[in-house]
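Written below as structure tokens is the structure these notes are about.
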Amino acid sequence: MSSAAIDAAVPALAAPSAPGHRRLAHRPGLPLRRLALRAGALGLGLLGWHLAASHRLDLGLVTFRNVPAPLDVARALSALVQSPKLGAHIGASLGRVLGGFLVALAAGVGLGLAIGRSRTARDLLLPPLEVLRPIPAVAWIPLAILMFPSSELSMVFITFTGALFPILLNTVHGAEGVSPRLVASARSLGARRWAILREVVIPSAAQSIVTGAAIGMGTAWFCLVTAEMISGQYGIGYFTWEAYTLQNYDDIVVGMLLIGLLGMGSSALVRAAGRLAMPWTRAGIRS
Amino acid sequence: MSTLATSAARAGRIELADVAIRLGQGEAAFDVVESVRLAIPARQFVCLLGPSGCGKSTLLGALAGHLAPSRGRVSLDGETVAGPDPERGIVFQQHTLLPWKRVIENVAFGPKMRGLPKAERLARARAFLALVGLEDFAERYPDELSGGMQQRVEIARVLINEPRVLLMDEPFGALDAQTRLMMQEMLLDLWTRLPTTVLFVTHDIDEALFLGDRVLVMSSRPGRILEDIPLGFPRPRGRDLVTDPAFIDLKRRCLGLLRPRDGKPPLPRLSPLGLPGAGAGAA
Ligand SMILES: Nc1ncnc2c1ncn2[C@@H]1O[C@H](COP(=O)(O)OP(=O)(O)OP(=O)(O)O)[C@@H](O)[C@H]1O
Ligand SMILES: [Mg+2]
């Protein structure tokens, strides 16, 4: 069996195209200049806040008269950090956000794939979901209290409502965008319905799903104060709300900052998990 | 490579009996091809030429089982084609490798769908990658390869299923001239080793005459087969074939057949299978 032609062709083929292929490029770290710029922007924001609060700036429409200064907030923060309550507050909030987020992830991805790939599922599911979508978390509070036996569960439910729609809508978008050519060729290679879903639809929607999950994680934290209005004792949102009712202005800002930081951190974790799960999107690969 | 050609005796006879294919919805539906009658014996290498928009991709889509004919019958070895099947592999101009799978996993996709255990299917995929000269690129992702390499992976991924028919829709159309010539030689070499019928669509007359046992020339839409030209050039074929007077005569004949009839504007380049640009519906 003569393979002369192929043996001759193969190295010749490999050689000219080798320089053209893209190696895995390492994601470069941010250059120093840009890091400095970012730190500078944060510092400038703090400075502005400090000046406005310490001079009790009054712009007519908005006033800083009752806004605590950064140093007061820092003092309040360090007091909270030293108190044993901080762990309990964060632990309680983390549990609620995580619970709501995970249920929303399962429901959002499941429903989103169905809606994105099946016209019947779309007709059945999309209208009721579109009606529910604009309802703000705070409007769910009374029903949540009535529907769930424990206040803990109703709080998880409120964070769930916040996380669900970003995840759902991004999953629908990802599932609709699957290239029909990829589906056709996978079918020609022997893939059936479920294999198409597993091997083609889910991976090609994965990028959108991760984006939705990162946004959903953020909105779950966003709903936390609302959710923990129900709470009697613990939670960062509860802490913030209680500080407001007790006119403890320093603690309000401490609570706000903690929620912001925790929300940002957990969204970043979701993105990092997404990158781990999608090795093909790492590096300088065009999609 | 005797392990790869396990069933040398398998057939691969294609028949199209009075086939018509309609595309489009309701009022806007039209016949893309009409009354195509065609028989291709097993293991023949047939090239399909025709003006843009005449329905070549549509015809291939029907053979692959992605489009159903509105009239007539498409069959392989006497069995009516009723849907996509790994027995009828298809390769497009733009690769359809799964970007999230490494090259080796892409090639092993067919065997995975058949339920072959992992170790076995990877070993088999490695052998087919070697066949197209890419064993060193097994662990890459498709987007890290050049266009010619991607098409070679695509070919390996289809051939691993030992298809009775290999359908190719301008597979080398997006490659540079040099890579294209090498790919043609590689394909011919593979074809002599693996028993499969090939239906190869191209716009390049030289390519069709160099590769085929037979060239079919289609008319503009609605597509019909205008001419059926047997090519008697002996194999293996060398590059000097293209300067052979008989080759040049045939080339002139094909050029004449493909010359656009005056007054007819060129047709839009839509695509029946949702190829690039077309936003066809969900699966
Ligand atoms: N989804 C579609 N809806 C309506 N018309 C379509 C669709 N896809 C293709 N067509 C039309 O059908 C005809 C045949 O298309 P086809 O892609 O089979 O032609 P082709 O011979 O492969 O052309 P080319 O040489 O440009 O690839 C064309 O005129 C095209 O405009
Ligand atoms: Mg075409």
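Key figures
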| item | result |
| --- | --- |
| Taking only Cα atoms of the protein assembly as shown, radius of gyration then Dmax in Å | 31.5, 99 |
| Antiparallel DSSP beta bridges within chain B, percent to nearest 5 | 50 percent |
| Extent along principal axes [Cα atoms of chain B; Å; largest to smallest] | 57, 50, 37 |
| Under 5 Å, built H, 5+ apart or other chain: amide partners of B:GLY223 | B:VAL33, B:GLU34 |
| Cα→Cβ-extended label distance, 7 Å offset, between B:ASP206 and A:ASP123, nm | 5.4 nm |
| Pairwise Cα inverse-distance average, inverted: Kirkwood Rh of the stretch A:89-281 (Å) | 17.8 Å |
| R0 of 56 Å, Cβ-Cβ distance A:ALA39-A:THR245: FRET efficiency to nearest 0.05 | 0.95 |
| Antiparallel %, DSSP beta bridges [both residues in the protein assembly as shown], to 5 | 55 percent |
| Over chain B: helical MRE at 222 nm, DSSP H runs n ≥ 4 each giving -39500 (n - 2.57), nearest 500 | -9000 deg cm²/dmol |
| Number of partner chain Cβ atoms within 10 Å, mean per residue of A:173-186 | 6 |
| HN-Hα J in Hz across the stretch A:104-111 - Karplus 6.51, -1.76, 1.60, θ = phi - 60°, x for Gly and Pro | 5, 4, 4, 5, x, 5, x, 5 |
| Under 5 Å, built H, 5+ apart or other chain: amide partners of B:ARG22 | B:VAL32, B:SER70 |
| The stretch A:219-282: mean projected area of Cα convex hull, nm² | 4.9 nm² |
| Inter-chain Cβ neighbour average for residues B:88-94, partner chain, 10 Å | 2 |
| Ranked by how many other beta carbons lie within 10 Å on average, peptides B:86-95, B:106-115 from highest | B:86-95, B:106-115 |
| Computed [θ] at 222 nm, helices only, for chain A once each DSSP H run of length n ≥ 4 contributes -39500 (n - 2.57) | -24500 deg cm²/dmol |
| Among B:65-78, A:143-156, A:35-48, A:207-220, the order from most to least packed when residues are scored by Cβ within 10 Å on average | A:207-220, B:65-78, A:143-156, A:35-48 |
| Which of B:SER52, A:SER185, B:SER271 is most accessible, then next, and so on - probe 1.4 Å | B:SER52, B:SER271, A:SER185 |
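The values are calculated or read from the model by the stated rules, or taken from the named source; none is laboratory data. Treat the numbers as computed from the prediction; the structure is a model and nothing was measured. Methodologically, a virtual Cβ is constructed for each residue, glycine included, from the backbone with ideal geometry; neighbour enumeration extends over all protein chains shown. Heavy atoms of the whole protein, side chains included, go into the accessibility calculation; ligands, DNA and RNA do not. Shrake-Rupley method; radii C 1.70, N 1.55, O 1.52, S 1.80 Å.
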